[in-house]
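The values are calculated or read from the model by the stated rules, or taken from the named source; none is laboratory data. From a predicted model like this one, the values you see are computed outputs, not experimental measurements. Cβ placement follows ideal geometry from the backbone for every residue including glycine, while neighbour counts extend to all protein chains displayed. Keep in mind that these areas ignore ligands, DNA and RNA; they rest on the heavy atoms of the full protein, side chains included. Shrake-Rupley method; radii C 1.70, N 1.55, O 1.52, S 1.80 Å.
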Amino acid sequence: MTTQNDQLNYKYIFGRIFSLLVKPIQTWGKIRDSENASDTMMKIVYPMIGIISLLAFLKKIYLLGWGDAISYQQALVYCCAIAVAYFVSFFLISFLSNKIMTLLYKLPDDKLTHQQLVGNVLIIFGALYTIKMFFPWTGLIIWIVQLYLGYVIWGGLVQLLALEKKYQIFPMFVILILCIFIPDQSVRLFLQILTSGAI
């Protein structure tokens with residue numbers, strides 16, 4: 001049965017994106033105090049991947065045409081490749097982020113907190129990917145926003161991981177670079193695997 005909270009899930013996601021962009025420090029503090037990693041995945045990450053995949057499907061159908069069964073097949077492959085790519089990216093970036101902190105800064109192994117950090121950041125990158133998918137001319141604007149997301153990530157390092165100031169810059173840039181390149185390259189890779197370059 002669908003609850004009122006489920007119905008408001010997408011509004012919740014877009015509110016989170018806006019809040020992280022406008023007031024990242026305060027938002028990370030609220031996330032730290034009131035949300036765990038499981039909440040992040042169920043309320044934020046998984047629904048956002050669903051939104052991105054659905055919009056990719058609709059875009060592909062629009063481009064290929066609505067009346068052909070092959071169009072639906074290709075669109076389904078396209079949206080599945082994007083969904084798998086974002087799932088893999090989420091867990092891979094979280095794993096790498098955790099390893100960087102444990103190896104370089106001797107922090108405790110904390111996979112769940114890194115999933116919480118990466119999941120909240122990755123939904124913004126997913127939203128930017130979707131905007132670019134429909135409006136390719138926004139590429140330069142999106143790159144500028146992506147650079148600003150370094151500040152958002154920094155806020156997460158401060159609030160969620162309580163990382164000392166002298167250790168904040170390097171992991172901020174590493175996580176930013178991973179979030180920029182891994183999802184994009186993963187989408188390309190899975191499209192190539194699933195379509196043999198046909199899409």
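General observations
- The sole residue among Phe181, Phe135, Phe90 that is under 21 Å from Ser38 (Cα atoms) and without any contact (Cβ under 8 Å) to a residue 60 or more places away in the chain is Phe90.
- Residue tally, condition part of a helix (DSSP H, G or I), within 17 Å of Ile51 (Cβ to Cβ) and open to solvent by 50 Å² or more (accessible area, probe 1.4 Å), over region 130-142: 3
- Which listed residue is acidic (Asp, Glu) and modelled with pLDDT of 90 or more, from Asp33, Asp39: Asp33
- Asp109 vs. criteria open to solvent by 80 Å² or more (accessible area, probe 1.4 Å), acidic (Asp, Glu), more than 18 Å from Leu176 (Cα to Cα) and part of a helix (DSSP H, G or I): no
One line per residue, one yes/no per condition, for (1) more than 26 Å from Leu160 (Cα to Cα); (2) open to solvent by less than 40 Å² (accessible area, probe 1.4 Å):
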| position | (1), (2) |
| --- | --- |
| Ile31 | no, yes |
| Leu54 | yes, no |
| Gly65 | yes, yes |
| Ala69 | yes, no |
| Ala85 | no, yes |
| Phe90 | no, yes |
| Leu96 | no, no |
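- Leu163 fulfils the conditions (1) in contact (Cβ under 8 Å) with a residue 40 or more places away in the chain; (2) part of a loop (DSSP other than H, G, I, E, B); (3) open to solvent by 20 Å² or more (accessible area, probe 1.4 Å) except for a single criterion, (3).
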